[in-house]
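Please treat every number below as a calculation from the coordinates, not as lab data. Note that the coordinates shown come from a computational prediction; the quantities given were computed from them, not determined experimentally. Counting neighbours? That spans all protein chains shown, and the Cβs are built from the backbone with ideal geometry, glycine included.
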Amino acid sequence: MNETRYDKLGQLGQNTNTPNSPQEAKLERVANPSPDTPYMIRLVSPEFTSLCPVTGQPDFAHLVIDYAPDKWIVESKSLKLYLGSFRNHGDFHEACTVGIGKRLVQELDPLWLRIGGYWFPRGGIPIDVFYQHKTPPEGLWVPDQGVAPYRGRG
């Protein structure tokens with residue numbers, strides 16, 4: 001993972017192709033500009049797509065990633081490219097959601113992280129997947145993720 005200096009970032013400000021797989025994707029990080037202040041960052045991907053590993057058909061989700069950074073924050077273009085790499089990736093909803101959360105934990109070592117994967121129905125069943133790393137720091141304001149449960153036509 002690249003870090004700290006902006007001139008060392010390999011994707012920001014560059015014409016960068018979407019990686020072929022999540023494993024090939026490079027997540028980049030930069031120094032937390034407020035490491036002495038507990039705060040939360042929310043990143044949302046309302047049009048996340050991956051492939052069903054059985055049928056190869058696309059699956060769609062609304063992802064909400066919340067985290068309290070320690071020393072590092074994720075560089076958003078690299079996150080966008082990483083999430084985009086799932087368009088060619090076949091895996092179940094649970095593996096995609098939890099895998100994204102674990103990769104971010106591995107790369108950032110945040111004080112706390114949670115991800116909500118709100119998957120649109122396949123076969124008539126919406127599947128929501130949640131992963132959390134650690135507990136929120138004391139005093140951290142953690143709002144609701146704001147994604148309503150699936151209601152269909154109601």
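Quick rundown of the values:
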item	result
Exposure proxy ranking, count of Cβ atoms within 10 Å, fewest first, for Trp72, Trp141	Trp141, Trp72
For the chain, calculated [θ]222 nm from helices alone, where every DSSP H run of n ≥ 4 adds -39500 (n - 2.57)	-5000 deg cm²/dmol
The chain: most fluctuating residue of Gly116, Gly124, Gly56 per GNM, C-alpha cutoff 10 Å	Gly124
Debye log10 I(q)/I(0) at q = 0.14, 0.18, 0.20 Å⁻¹ for the chain, Cα point scatterers	-0.71, -1.11, -1.29
